[in-house]
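Following: one structure in C-alpha coordinates, then a few remarks.
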Amino acid sequence: YRIRETGLDEGIDCIASTPVHPASLRSRGFNPAAAIADRVSKEIGLPHRAALLKKIRHTPPQATLKRAERLTNLKDAFAANPALATGRRVLLIDDVMTTGSTLIECARALRAAGAVSTVAATVARTEA
(Lines give C-alpha, C1' and ligand atoms only; values in the text may rest on other atoms or scores of the structure.)
Protein backbone atom coordinates (compact mmCIF):
# COMPACT_ATOMS: atom_id res chain seq x y z
CA TYR A 1 0.00 0.00 0.00
CA ARG A 2 2.34 2.64 -1.31
CA ILE A 3 -0.31 5.21 -2.11
CA ARG A 4 1.41 7.97 -0.11
CA GLU A 5 4.74 7.28 -1.82
CA THR A 6 3.15 7.75 -5.24
CA GLY A 7 1.27 10.92 -4.32
CA LEU A 8 -2.03 9.48 -5.54
CA ASP A 9 -3.72 10.60 -2.33
CA GLU A 10 -2.85 14.29 -2.76
CA GLY A 11 -5.99 16.37 -2.98
CA ILE A 12 -8.25 13.34 -2.54
CA ASP A 13 -11.40 13.57 -0.40
CA CYS A 14 -12.38 9.91 -0.16
CA ILE A 15 -11.81 6.38 -1.39
CA ALA A 16 -14.23 4.29 -3.47
CA SER A 17 -13.88 0.66 -4.45
CA THR A 18 -15.06 -0.99 -7.62
CA PRO A 19 -18.32 -2.69 -6.67
CA VAL A 20 -19.54 -6.18 -7.47
CA HIS A 21 -23.15 -7.02 -8.23
CA PRO A 22 -25.12 -8.14 -5.14
CA ALA A 23 -25.58 -11.63 -6.65
CA SER A 24 -21.82 -11.98 -7.12
CA LEU A 25 -21.21 -10.71 -3.62
CA ARG A 26 -23.53 -13.36 -2.20
CA SER A 27 -21.81 -16.17 -4.09
CA ARG A 28 -18.24 -14.93 -3.53
CA GLY A 29 -18.75 -13.75 0.03
CA PHE A 30 -16.61 -10.62 -0.27
CA ASN A 31 -15.47 -7.88 -2.62
CA PRO A 32 -11.66 -7.94 -3.05
CA ALA A 33 -11.51 -4.28 -4.09
CA ALA A 34 -13.50 -3.23 -1.00
CA ALA A 35 -11.18 -5.22 1.26
CA ILE A 36 -8.18 -3.45 -0.28
CA ALA A 37 -9.89 -0.06 -0.03
CA ASP A 38 -10.62 -0.65 3.67
CA ARG A 39 -6.93 -1.28 4.28
CA VAL A 40 -5.83 1.73 2.22
CA SER A 41 -8.34 3.88 4.10
CA LYS A 42 -6.78 2.91 7.42
CA GLU A 43 -3.25 3.43 6.12
CA ILE A 44 -3.76 6.92 4.68
CA GLY A 45 -6.57 8.22 6.86
CA LEU A 46 -9.17 8.88 4.17
CA PRO A 47 -12.71 7.49 4.41
CA HIS A 48 -13.69 4.51 2.27
CA ARG A 49 -17.14 5.36 0.96
CA ALA A 50 -18.36 1.85 0.14
CA ALA A 51 -21.82 3.18 -0.79
CA LEU A 52 -20.41 5.66 -3.31
CA LEU A 53 -20.59 3.20 -6.22
CA LYS A 54 -22.81 0.24 -6.91
CA LYS A 55 -23.09 -2.24 -9.74
CA ILE A 56 -26.62 -1.99 -11.08
CA ARG A 57 -26.42 -4.51 -13.90
CA HIS A 58 -25.25 -8.11 -13.59
CA THR A 59 -22.62 -8.86 -16.24
CA PRO A 60 -20.51 -11.85 -17.22
CA PRO A 61 -17.16 -11.91 -15.35
CA GLN A 62 -14.55 -9.93 -17.26
CA ALA A 63 -12.06 -12.82 -16.89
CA THR A 64 -14.29 -15.03 -19.06
CA LEU A 65 -14.37 -12.58 -21.98
CA LYS A 66 -12.11 -11.74 -24.89
CA ARG A 67 -10.53 -8.29 -24.99
CA ALA A 68 -13.09 -6.81 -27.40
CA GLU A 69 -15.96 -8.08 -25.24
CA ARG A 70 -14.36 -6.72 -22.08
CA LEU A 71 -14.29 -3.25 -23.57
CA THR A 72 -18.10 -3.12 -23.86
CA ASN A 73 -19.31 -5.57 -21.19
CA LEU A 74 -19.54 -3.01 -18.37
CA LYS A 75 -21.19 -0.15 -20.26
CA ASP A 76 -23.82 1.41 -17.96
CA ALA A 77 -23.25 -1.27 -15.32
CA PHE A 78 -22.37 1.17 -12.50
CA ALA A 79 -24.09 4.05 -10.74
CA ALA A 80 -22.73 6.52 -8.21
CA ASN A 81 -24.56 8.18 -5.35
CA PRO A 82 -24.75 11.94 -6.09
CA ALA A 83 -25.07 12.76 -2.38
CA LEU A 84 -21.65 11.16 -1.80
CA ALA A 85 -20.01 12.06 -5.13
CA THR A 86 -20.84 15.71 -5.74
CA GLY A 87 -17.77 17.91 -5.48
CA ARG A 88 -15.54 15.03 -4.37
CA ARG A 89 -12.10 14.03 -5.59
CA VAL A 90 -12.11 10.25 -5.46
CA LEU A 91 -9.38 7.63 -5.21
CA LEU A 92 -10.88 4.57 -6.93
CA ILE A 93 -9.44 1.20 -5.87
CA ASP A 94 -9.63 -2.07 -7.82
CA ASP A 95 -7.80 -5.33 -7.29
CA VAL A 96 -6.69 -6.13 -10.86
CA MET A 97 -6.64 -4.07 -14.05
CA THR A 98 -6.59 -5.74 -17.44
CA THR A 99 -8.23 -3.50 -20.07
CA GLY A 100 -9.16 -0.72 -17.67
CA SER A 101 -12.85 -1.04 -18.58
CA THR A 102 -14.03 -1.40 -14.99
CA LEU A 103 -12.13 1.68 -13.86
CA ILE A 104 -13.28 3.70 -16.88
CA GLU A 105 -16.94 2.85 -16.37
CA CYS A 106 -16.77 3.52 -12.62
CA ALA A 107 -15.07 6.87 -13.29
CA ARG A 108 -17.83 7.75 -15.78
CA ALA A 109 -20.49 6.98 -13.18
CA LEU A 110 -18.66 9.09 -10.59
CA ARG A 111 -18.35 12.02 -12.99
CA ALA A 112 -22.04 11.75 -13.95
CA ALA A 113 -22.92 11.90 -10.24
CA GLY A 114 -20.88 15.06 -9.74
CA ALA A 115 -17.39 13.93 -8.74
CA VAL A 116 -14.75 16.51 -9.60
CA SER A 117 -12.04 13.99 -10.38
CA THR A 118 -11.14 10.33 -10.10
CA VAL A 119 -7.70 8.81 -9.66
CA ALA A 120 -7.38 5.03 -9.91
CA ALA A 121 -5.08 2.58 -8.16
CA THR A 122 -4.87 -1.19 -8.52
CA VAL A 123 -2.86 -3.92 -6.84
CA ALA A 124 -2.07 -5.81 -10.05
CA ARG A 125 -2.01 -5.36 -13.80
CA THR A 126 -2.52 -8.21 -16.27
CA GLU A 127 -2.69 -8.51 -20.03
CA ALA A 128 -5.97 -9.29 -21.78
### Query
Taking the condition over 19 Å from R125 (Cα atoms) and either modelled with pLDDT of 90 or more or surrounded by 12 or more Cβ atoms within 10 Å (Cβ to Cβ) (or both), does I15 pass?
yes
### Summary
Within the range 30-72, residues being open to solvent by 40 Å² or more (accessible area, probe 1.4 Å) and among the hydrophobic types (A, V, I, L, M, F, W, C) number 8
### Query
What are the residues in the range 36-48 that are farther than 14 Å from D94 by Cα and either in contact (Cβ under 8 Å) with a residue 12 or more places away in the chain or in contact with a helix residue (DSSP H, G or I) (Cβ under 6 Å, 6 or more places away or on another chain) (or both), if any?
E43, I44, L46, P47
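Give the residues of the range 66-93 that are more than 15 Å from R49 (Cβ to Cβ) and either within 13 Å of the chain's Cα centre (by Cα) or of a type in the set (D, E, K, R) (or both), sorted by residue number.
Applying the first criterion (more than 15 Å from R49 (Cβ to Cβ)) to the range 66-93 yields 66-77.
Within the range 66-93, K66, R67, E69, R70, L74, K75, D76, A77 qualify.
Table: residues versus (1) acidic (D, E); (2) under 20 Å from G100 (Cα atoms).
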| position | (1), (2) |
| --- | --- |
| C14 | no, no |
| P19 | no, yes |
| P22 | no, no |
| D38 | yes, no |
| P47 | no, no |
| I56 | no, yes |
| A63 | no, yes |
### Query
Just wondering, is there one or more residues in the range 40-53 that are over 13 Å from the mean Cα position of the chain (by Cα), of a type outside the set (F, W, Y) and at pLDDT below 90?
no
### Query
Which one of these does A80 not meet: (1) crowded, with 16+ Cβ neighbours inside 10 Å; (2) of a type outside the set (D, E, K, R); (3) modelled with pLDDT under 95; (4) more than 22 Å from R2 (Cα to Cα)?
(3)
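The values are calculated or read from the model by the stated rules, or taken from the named source; none is laboratory data. Computed from a predicted structure; not experimentally measured. When we count neighbours, we look across all protein chains shown, and the Cβ atoms used for this are built from the backbone with ideal geometry, even at glycine. Note: areas computed on protein heavy atoms with side chains; ligands, DNA, RNA excluded. Shrake-Rupley method; radii C 1.70, N 1.55, O 1.52, S 1.80 Å.
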